[in-house]
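K.L.:
Pasting a structure below so you can have a look.
The values are calculated or read from the model by the stated rules, or taken from the named source; none is laboratory data. None of these values were measured; they are calculated from a predicted model. Every residue, glycine as well, gets a Cβ built from its backbone with ideal geometry; the counts of neighbours run over all protein chains shown. Areas reflect the complete protein model, heavy atoms only, side chains present, ligands, DNA and RNA absent. Shrake-Rupley method; radii C 1.70, N 1.55, O 1.52, S 1.80 Å.
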Amino acid sequence: MPHRLTTPTLLACLLVAPAALADDPKPTEEQARFFETKVRPVFADHCAKCHGPDKSKAGLRLDSRAAVLAGGDTGPAVVPGKPDESLLVTAIRHMDDGPKMPPSKKLPDDVVANLTRWVQMGAPWPGDHAVSSSGVRKGEFQITDKDRAHWAFQPVRRPSLPDVKDTAWVAGPIDAFILARLEARVLRPNPPASKSELIRRVTYDLTGLPPTPEEVEAFVADADPKAYERLVDRLLASPRYGEKWGRQWLDLVRFAETNSYERDNPKPNAWRYRDYVIRSFNDDTPYDRFVREQLAGDELPDGGSRGIIATGYYRLGIWDDEPTDRDQAFYDGLDDVVATTGQVFLGLTVDCARCHDHKIDPIAQKDYYRLVSFFRNVNHYRNGGPTDEAPLFDEAPLDKVAYEAKLRVRESTLGQVKARIDSIEKDFLDRDKAADPKKPLKGRDLAAAIRERGEKLVGKDAVDNYVTLRKQLRGMEAEKPAVPTALCVTENGDKAPETFVLLRGNPQNRGDKVEPAFLTVLGGSSAEIAPPPGGKSTGRRRALADWIASADNPLTPRVMANRLWQGHFGRGIVRSSSNFGTQGDKPTHPELLDWLAAEFLAKGWRLKPLHRLILTSNAYKMSSRAEPKALAADPTNDLFWRFDMRRLSAEEIRDSILAVGGNLNLKMYGPGVYPEIPAEVLAGQSIPGNGWGKSSPEESARRSVYVHVKRSLVMPILESFDLAETDRSTPVRFATTQPTQALGMLNGTFLRDQSRLLSARVRRESGGDRTKQVERTLRLVTCRKPADAEVRRGLDLISGLESGGMKPDDALASFCLVALNLNEFLYLD
C-alpha cells in the first residue's frame, strides 16, 4: 500500500530552494508573489514527502525549478508555458488515463487552477532571487513600524457603533456594523428567512442535526416574539452542541486516532481527547482556560485528569515509526506542534520561518526557534511508550503513591527482560556471520531464525530461555494498567536541553543558541519560567500558554471570534481564518471583528454568549435568496447582504440520514465506533480490513464524531463529502462536487439500507395511506410542509415503479432514496 501523502518532513528544502539555473528568467514581482503564496506552499504540503531531497519517487524531485524541468523516470514534469503538455498538470487533474497526484485524493479545484496558471506563466521560481515587492520580504530581516502597524497586531479595542439610517432594522451592535457598510454602497439587507428556514438553519448550526417535523411545526405556530430566542437558548444547552462545535475544533487540531504512513497504527486512547473537547464546548469552558489546558494542562496546579487528557493535543499529528533520519523526524514533530499552535491559536504561519526568516510576515527565524524552545523538552512520541500515557487518578479511587511504586517495579522488570532478550539476539547475530548482510534479520525474522537454527549457534538453553523471555515480555506488555490512562504529553524532567537555530532547517547545522521568548513583532519579551513542583516538567509550556491566552494578546480573541463567525456565516470576517498575517485576507468588517473580540473578552472568554449575539442578529436571520442589484454589486457577498447557502458537511449528511430514518444512536463519549466499510474499499489496504473493527448495528448508528478516525481508511460517504484532512490543521472545509458523491448517494450500500429504514419508519407513523407516507417522508427530509404538487410527484413515482413490477415496499424505499438525494436535504438555506 503506498504511503499516504502528509505534511512534509523537509519543508525547509522547499522554502529555501536555490535558484535553479543560472539562466532562469527572473520572475516579475507579481509572479514571485504568486509563486510564494499559491505554489510553493502546495509543493511543501502535498509533494515534498515523496518528491523532495529525502525521497524522490519515480526519480522526481519538486524542490527546485531545475529538478522540475529535469523531471523523473517518465520525463520533464513541466513544459514551461504549456500546461497541457506538462505531466505535473496532467497528474494533478486526475485524468482517467494517466498518473494521479496526490494519489489519495485530488487537490481542490482552485489549487489545480493555480498550479496550471503557474505553468502557463512559464513556471517562474524565485528561489533566492531578491524580489522587490510589497508581498515578499527582501534584504536583511528587520521589523518595521509598518509591520507593527498591521491591523492584526493592534490591541483589541471596542469601537463605537456606526450611525445608520434604517435604525429600525438594527437589533443589536452586529446589525449596525453590517448595515453601515451596506448603506455606504446603497444596498439593502435581504428580507428575513421564513420561520421554517430559520429553525432548520440554526438547529444545524448549533447541533449539526435537523429539527424534527414536530419542532418545526411548534416554532412556526409560536407567535411569541421571544420564541426564537428561546429556541437559541435550548439549542445552546443541548449536548448535541458540543458534538457539532467540538468537531470543528477537531478539524483545527488535526485530530486522528492513528499515525499515518503505511502501517497507520492506532494512537492509544486518543478518543479521550475528543471527548474532552466535546465536554469543554458543552460546559462553555472559558476559551482562555481551554487554551491553557491543551498547551499546559499537566503544568496547571488544578489541571487534574482533565488537564492531562487535554495535552493529547500534542500527540495528534502524524508519526513515522521508521524515519530515515531520526534527528530530522524529531524536529519535524516539533514543527508540527509549532505550526498547529501558531495557526490555530494565533492565526499566523509561524512555521514558514523554520528554515529562514519568514518571506512575507514579520517573523524572524529566531522567533520560530524561540517558540520551538518552549516544546524542546517534550518527550518524543513513541506510540504508547511510557512517555505517551499517564494514569488518570481522578477517575479511579487508587493510591497514587502505591500505584507509581508498582509502575516503577514493572518498568524495571520490563527493562531487565528486554536486556536479556537483546543479549541473546546480539550473541546469535555475532555468530551468524553467514547471514546475507543485505537483509539484516530483525523482528519476527530474527525470532524465527533463533528458533530454527539457534540451538546450533548459541545452545539449546539459550534458545529455550529466549522463547520463555519473549512470551513473558508479550504478557507484560499486554497487561493493562489498573487505572485508566490517557494519551498525553510528558517532559524529560525540569531541565530543558539547549535550543539552537537550525540553519536551513538542518539539524546538523546549528546556528545561534536561543531561549524561550515571544514573537518580536508583538513585543518579543522573554518568557518568565517557573517549573511546577515535582520536577516532571520545565514550566515552559505554561508560560507560552499564559502568553497566548492573555487578554493583552491581540491575536487570540480575534482569531476565535472570527472562527465563531465563520461557523455561522460560512466564512470568516477574515476569510483566511488561520492566517491573520500580511498576506492573509483583510477583514471585510474590521470594526465588527474588533467589537466581537472585545465582547468575547468582556464575557469572560465564553463562547455561548457570543453565539447568542450572532444568532439573534438580523444579519443572521436574513434570507439566502438572490437579489439582482446586490448580486451585481457584491457577487461574493463580502458585505453580508444575504445569508450564504451552504452544503451540509460530511458528518451532517451522514447524521441527518440516520436521524430522519429514526435510528440515530445519541449515545455520547467512549472509544470510537467502526461502521461497516465496503469490502471493495477495504481491499485497497495492504492487509484488507487491518485496523478497522466491527461494531454492532446500534453502535454503528452513532454520530459521525464518534467514528474511529483512521488516517488511511475513511468511510466513503465521509470521504466523498470532504471530511477534514487529518495530516494538518483544517481551518476551512472545501465543498467539492464530484461524481462519487452522486454515485454513493444513489447506489451506495449505506444509502440503500437507510432508505429502507426510512420507508419502514414512515409506514409505522403513517399507516397504509400512501399520501400520508409521501407527505411524512418529505416533512422529515425537508423540515417543512410539502406542497400538493410535490406530494403528487412522489405518488406518481411510486405508482410508476409499482406498475413496472416493483413490490410496494420496495417502491416506497426507492422514493425515500430519491428524497434523501434532494438538494433541499443536502443544502442549508
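K.L.:
Does region 246-264 hold any residues that are out of contact with any Ser or Thr (no Cβ under 6 Å at 6 or more places or on another chain) and either open to solvent by 10 Å² or more (accessible area, probe 1.4 Å) or not hydrophobic (A, V, I, L, M, F, W, C) (or both), and which are they?
P.N.:
Selection gives G246, R247, Q248, E257, T258, N259, Y261, E262, R263.
Table: residues versus (1) touching a residue at least 24 places away in the same chain (Cβ under 8 Å); (2) in contact with a helix residue (DSSP H, G or I) (Cβ under 6 Å, 6 or more places away or on another chain); (3) aromatic (F, W, Y).
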position: S700; (1), (2), (3): yes, no, no
position: L718; (1), (2), (3): yes, yes, no
position: T740; (1), (2), (3): yes, yes, no
position: R752; (1), (2), (3): yes, no, no
position: R784; (1), (2), (3): yes, yes, no
position: A787; (1), (2), (3): no, no, no
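K.L.:
Taking only region 579-593 into account, find how many residues are within 13 Å of L555 (Cβ to Cβ), of a type in the set (A, V, I, L, M, F, W, C) and either assigned to a helix (DSSP H, G or I) or open to solvent by 20 Å² or more (accessible area, probe 1.4 Å) (or both).
P.N.:
The qualifying residues number 1.
K.L.:
Among the numbered criteria (1) open to solvent by 10 Å² or more (accessible area, probe 1.4 Å); (2) within 23 Å of the chain's Cα centre (by Cα), which one does L544 miss?
P.N.:
Failed condition: (1).
Condition check ((1) under 30 Å from the mean Cα position of the chain (by Cα); (2) of a type in the set (A, V, I, L, M, F, W, C); (3) closer than 17 Å to D367 by Cα) across all residues:
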{"residue": "E479", "(1), (2), (3)": "no, no, no"}
{"residue": "P484", "(1), (2), (3)": "yes, no, no"}
{"residue": "E491", "(1), (2), (3)": "yes, no, no"}
{"residue": "G511", "(1), (2), (3)": "no, no, yes"}
{"residue": "P516", "(1), (2), (3)": "yes, no, yes"}
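K.L.:
Using beta carbons and a limit of 6 Å, which pairs, at least six apart or on different chains, have the first residue in region 547-560 and under 16 Å from L607 (Cα atoms) and the second one open to solvent by 10 Å² or more (accessible area, probe 1.4 Å)?
P.N.:
Matching pairs, first to second residue: A549/D288; A549/R292; A551/L601; P557/V156; P557/L601.
K.L.:
Inside region 642-701, counting only helices (runs of 4 or more DSSP H) that do not spill past its ends, which hold 3 or more residues that are at pLDDT 95 or above?
P.N.:
Correct list: 650-661, 697-700.
K.L.:
With L544, L596, L613, L564 as the choices, which residue is in a helix (DSSP H, G or I) and over 24 Å from K226 (Cβ atoms)?
P.N.:
Just a single option satisfies the conditions, and that option is L544.
K.L.:
Report the residue count in region 191-232 for those that are in a loop (DSSP other than H, G, I, E, B) and buried (at least 21 other Cβ atoms within 10 Å of the Cβ).
P.N.:
5
K.L.:
Continuing with the same structure: Check whether at least one residue in region 95-118 is on the phi > 0 side of the Ramachandran plot, in a loop (DSSP other than H, G, I, E, B) and modelled with pLDDT of 80 or more, and report yes or no.
P.N.:
no
K.L.:
Look at A735 and say whether it is free of Cβ contacts under 8 Å to residues at least 12 places away in the same chain, farther than 20 Å from A701 by Cα and either open to solvent by 30 Å² or more (accessible area, probe 1.4 Å) or not aliphatic (A, V, I, L, M) (or both).
P.N.:
In short, no.
K.L.:
Restricting the search to region 355-402, which residues are of a type in the set (D, E, K, R), modelled with pLDDT under 95 and either surrounded by fewer than 17 Cβ atoms within 10 Å (Cβ to Cβ) or within 26 Å of the chain's Cα centre (by Cα) (or both)?
P.N.:
Going residue by residue through region 355-402, those that are of a type in the set (D, E, K, R) are 357, 359, 361, 366-367, 370, 376, 382, 388-389, 394-395, 399-400.
Among the residues that remain, those that are also modelled with pLDDT under 95 are: 357, 359, 361, 382, 388-389, 394-395, 399-400.
Hits for region 355-402 are K359, D361, R382, D388, E389, D394, E395, D399, K400.
K.L.:
Let me ask another. Quick one: which residue in S704, S729, S696, S624 is of a type in the set (G, A, S) and either in contact with a Pro (Cβ under 7 Å, 6 or more places away or on another chain) or open to solvent by 20 Å² or more (accessible area, probe 1.4 Å) (or both)?
P.N.:
Selected residue: S696, the only one of S704, S729, S696, S624 that is of a type in the set (G, A, S) and either in contact with a Pro (Cβ under 7 Å, 6 or more places away or on another chain) or open to solvent by 20 Å² or more (accessible area, probe 1.4 Å) (or both).
K.L.:
Go through region 297-327 and give me each residue that's open to solvent by 10 Å² or more (accessible area, probe 1.4 Å) and outside any helix (DSSP H, G or I).
P.N.:
L300, P301, D302, I318, W319, D320, D321, E322, P323, T324, D325
K.L.:
Listed residues D552, D594; which is among the acidic types (D, E) and closer than 30 Å to T499 by Cα? Outline the logic, then answer.
P.N.:
Values: D594 fails: closer than 30 Å to T499 by Cα.
Step by step, each of D552, D594 is checked, and only D552 is among the acidic types (D, E) and closer than 30 Å to T499 by Cα.
K.L.:
Additional query: Check off (1) polar (S, T, N, Q); (2) touching a strand residue (DSSP E or B) at 6+ places or on another chain (Cβ under 6 Å); (3) within 30 Å of N282 (Cα to Cα) for T212 and give me the number that stays unchecked.
P.N.:
Among (1) polar (S, T, N, Q); (2) touching a strand residue (DSSP E or B) at 6+ places or on another chain (Cβ under 6 Å); (3) within 30 Å of N282 (Cα to Cα), the lone unmet condition for T212 is (2).
K.L.:
Considering only region 341-398, state which residues are farther than 24 Å from R148 by Cβ and in contact with a His (Cβ under 9 Å, 6 or more places away or on another chain).
P.N.:
T387
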